[in-house]
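Chemist: Submitted below is the structure of interest, expressed as structure tokens.
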Amino acid sequence: MIKRLFDWLKQPLGLVAVGIVFLAVFSAAVYGIALTQKAPDQPIQFPHNKHVGFGIQCLYCHPGASKGPNAGLPSQAKCWACHNQIARTQTSELLAPLKNAVESGTPIQWVPVAQVPDFVQFNHRAHIAAGKNCEDCHGDMTKVTVAENPQVFNMGFCLDCHVKTAGEDKVLLNKLADCGTCHY
Ligand code: HEC
Ligand code: HEC
Ligand code: HEC
Ligand code: HEC
Ligand code: HEC
């Protein structure tokens with residue numbers, strides 16, 4: 001049976017079939033990669049570039065990053081404190097969902113983009129305290145309109161920097177490369 005299949009595959013028609021299967025698998029993989037790297041459909045097309053360019057600090061909207069594990073997202077009340085004083089807010093189509101959310105009191109359901117799986121322990125505070133910048137891990141947000149993850153948070157990404165950080169310091173290396181530091 002297997003032998004007959006291989007004999008058939010070696011014929012011109014068989015080769016065409018192999019080619020089609022290969023192309024289908026390949027394009028499915030490329031499509032999959034494109035899907036995971038595309039910015040998600042957010043309830044509001046929030047432009048980071050405009051806000052960061054306007055001079056608003058990351059920590060003003062994500063204050064948790066210097067205090068604990070999660071950076072957190074701003075409440076709509078925080079958006080509104082500023083936007084209800086901006087004339088454009090009344091007419092902008094991009095801002096209509098914010099107006100609706102504030103008027104109806106329904107929280108905005110943002111779609112998460114930067115995430116690690118549950119079995120990985122990550123803590124923003126330790127990294128900010130050690131002098132790391134947001135852009136070391138999240139890229140240059142002044143160029144981003146809707147947030148997308150420029151960086152896949154895989155184990156190599158974390159360990160690379162941990163090993164570099166430790167350098168010759170064996171005690172620190174033991175801690176930062178220890179499985180139990182990130183998995184417990
Ligand atoms: C005016 C408020 C505001 C400022 C300033 C701001 N952000 Fe955000 N940020 C948001 C909002 C709202 C979201 C959720 C919408 C989204 O993901 O696009 C978000 C999402 C993010 C995300 C993705 C979070 C997730 O849900 O996974 C990252 C990473 C991020 N911001 C980093 C930064 C960095 C770094 C800076 C400074 C350079 C910054 N932000 C400045 C409001 C802000
Ligand atoms: C400290 C002030 C401030 C805060 C807080 C703030 N914004 Fe803004 N936002 C601005 C300014 C300034 C602009 C640029 C307005 C312009 O281009 O005329 C802007 C522009 C926008 C735009 C683009 C509007 C358009 O028509 O181009 C959106 C959408 C928006 N903000 C959403 C939000 C959301 C959602 C939040 C809360 C997560 C938020 N903003 C928090 C000041 C702020
Ligand atoms: C050392 C790398 C690193 C640095 C530095 C870093 N982040 Fe993060 N950030 C991450 C990782 C990893 C996640 C996913 C965490 C998770 O899933 O629990 C994340 C998630 C986030 C999120 C969405 C989820 C949440 O925590 O609420 C926001 C917003 C965010 N970061 C903002 C910031 C800001 C603002 C700064 C700078 C003050 C910053 N980050 C610095 C790695 C980093
Ligand atoms: C840009 C460099 C950098 C990257 C990327 C990075 N880290 Fe770190 N990490 C550090 C530094 C610096 C420290 C603090 C070292 C010290 O204690 O002096 C640290 C400390 C830690 C700690 C110990 C926290 C504590 O409470 O002492 C954990 C856990 C950790 N990182 C997890 C991660 C994970 C998970 C990732 C990947 C998602 C990651 N880190 C990516 C630089 C980095
Ligand atoms: C600095 C943080 C860090 C350290 C130290 C670390 N890991 Fe991980 N590990 C991660 C992250 C982040 C992921 C998530 C990878 C992903 O989402 O693809 C991960 C994923 C894994 C997985 C799931 C399989 C995979 O590749 O996705 C296993 C198993 C694992 N780690 C084992 C270990 C072992 C064993 C050690 C010690 C030799 C270790 N890890 C040390 C951060 C770390």
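The values are calculated or read from the model by the stated rules, or taken from the named source; none is laboratory data. This structure is a prediction, so every number in the text was calculated from the model and none was measured. Every residue, glycine as well, gets a Cβ built from its backbone with ideal geometry; the counts of neighbours run over all protein chains shown. Remember, those area values only see protein heavy atoms, side chains included, never the ligands or the DNA or RNA. Shrake-Rupley method; radii C 1.70, N 1.55, O 1.52, S 1.80 Å.
Chemist: Among the residues of region 42-62, how many are in a helix (DSSP H, G or I) and either in contact (Cβ under 8 Å) with a residue 12 or more places away in the chain or surrounded by fewer than 15 Cβ atoms within 10 Å (Cβ to Cβ) (or both)?
Modeler: From region 42-62, those in a helix (DSSP H, G or I) are 48-53, 58-61; that's our starting set.
Then keep just the ones that are either in contact (Cβ under 8 Å) with a residue 12 or more places away in the chain or surrounded by fewer than 15 Cβ atoms within 10 Å (Cβ to Cβ) (or both); that gives 48-50, 52-53, 58-61.
Here the count works out to 9.
Chemist: On to the next question. So which residues in region 158-167 are open to solvent by less than 50 Å² (accessible area, probe 1.4 Å) and either under 19 Å from CYS179 (Cβ atoms) or in a helix (DSSP H, G or I) (or both)?
Modeler: Step one: of region 158-167, the residues open to solvent by less than 50 Å² (accessible area, probe 1.4 Å) are 158, 162, 166-167.
CYS158, HIS162, ALA166, listed by residue number.
Chemist: In the list TRP80, TRP110, which residue meets the criterion of being outside any helix (DSSP H, G or I) and either of a type in the set (Phe, Trp, Tyr) or touching a Lys or Arg at 6+ places or on another chain (Cβ under 9 Å) (or both)?
Modeler: Details: TRP80 fails: outside any helix (DSSP H, G or I).
Of the residues listed, the single one that is outside any helix (DSSP H, G or I) and either of a type in the set (Phe, Trp, Tyr) or touching a Lys or Arg at 6+ places or on another chain (Cβ under 9 Å) (or both) is TRP110.
Chemist: Filter region 71-112 for residues that are touching a Pro at 6+ places or on another chain (Cβ under 8 Å) and polar (S, T, N, Q); which is least open to solvent (accessible area, probe 1.4 Å)?
Modeler: Only one residue fits best here, namely GLN76.
Chemist: Please identify the pairs in which a residue from region 64-91 that is within 30 Å of ALA130 (Cα to Cα) and basic (Lys, Arg) has its Cβ atom under 8 Å from the Cβ atom of a residue that is open to solvent by 70 Å² or more (accessible area, probe 1.4 Å) and not in a loop (DSSP other than H, G, I, E, B), counting only partners at least 6 apart or on another chain.
Modeler: So the pair list comes out as LYS67/ARG125.
Chemist: Name the single residue that is farthest from ligand 5 (Cβ to nearest atom) among those in region 113-150 being under 13 Å from the mean Cα position of the chain (by Cα), free of Cβ contacts under 8 Å to residues at least 24 places away in the same chain and open to solvent by 50 Å² or more (accessible area, probe 1.4 Å).
Modeler: Taking the candidates together, the pick is ASP140.
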